[in-house]
1. How many residues does segment 28-39 contain that are within 21 Å of Leu112 (Cα to Cα) and without any contact (Cβ under 8 Å) to a residue 40 or more places away in the chain?
2. Would you kindly identify the helices (runs of 4 or more DSSP H) lying entirely within segment 1-88 that contain at least 3 residues that are within 19 Å of Asp105 (Cβ to Cβ) and in contact with a strand residue (DSSP E or B) (Cβ under 7 Å, 6 or more places away or on another chain)?
3. For Thr58, work out the one condition from (1) farther than 16 Å from Gly99 by Cα; (2) surrounded by 20 or more Cβ atoms within 10 Å (Cβ to Cβ); (3) β-branched (Val, Ile, Thr) it doesn't fulfil.
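Quick note: the coordinates plus some simple rules give every number you see, no bench work behind them. Bear in mind that the values here come from a model prediction, so they are computed numbers and not experimental data. So basically every Cβ, Gly included, is an ideal-geometry build from the backbone, and we count neighbours across all protein chains shown.
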Amino acid sequence: MQHIKWHFGDFIFAPHLQLLLRKHAHTEYRQRLSAAEAAILDQLLAHCGQLCDKDNLTTIAWQGRPVSAQSLPVAIATLRKYLDSGEHGLEIKNIPRKGYLIEIDSELREELIPETQTSPAEMAPQDNPLPVPVTFGVAKWVKYLAANNIANNIFVAGCALLLLLTVYFFYSVWIPVSCQQAGEGYICSVSDKQTHTGAKPLPGNNQVIFISGESSVTVNIQEKTK
């Protein structure tokens, strides 16, 4: 079984792979098309310079399935973005209430290739999608970040750093204290790296002694509650 490749300008289009390639400035960009988009572009190229009826395009693209009236215009708009329609001598024109046609100033060449000669590289997932033309800097950066997944990586790294800082904070400020009754009061020891080596003082009536290392503080409960 033979397949077709279309060559025009900087583009190579393989309908059977739904793959649009563009070689620009020594870089090859790849863009996977939907089945409907690939069928529409193939039909327009096969009738280059001729009007393609909108109803016929809809039938070919969606194989007779009922779709919204906006499905065809949306698919055409997407193809225009991928092809930089209106620039470089290539344009997809709309003929109101009739259909669409594609005009190409450069040579349009059809190449027949056997199925066995399909390049494995063409079957690989896209790694360099075709750049979509934008007219202002903010949109360009948004599309660049989305394409390279940078925003997601920054978000994940930020969450991980925040989690580590939270764990470190609670670990560093949480001080265990153990209390036990001694005589008529209580002795509370603060857990730290230093250990109290001397004799522990004996609390008086209604007193609490806090011990941390070699230091101790006596608190009168009655004075605190007044």
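1. Residues that pass the stated criteria total 3.
2. 35-46, 71-83
3. (1)
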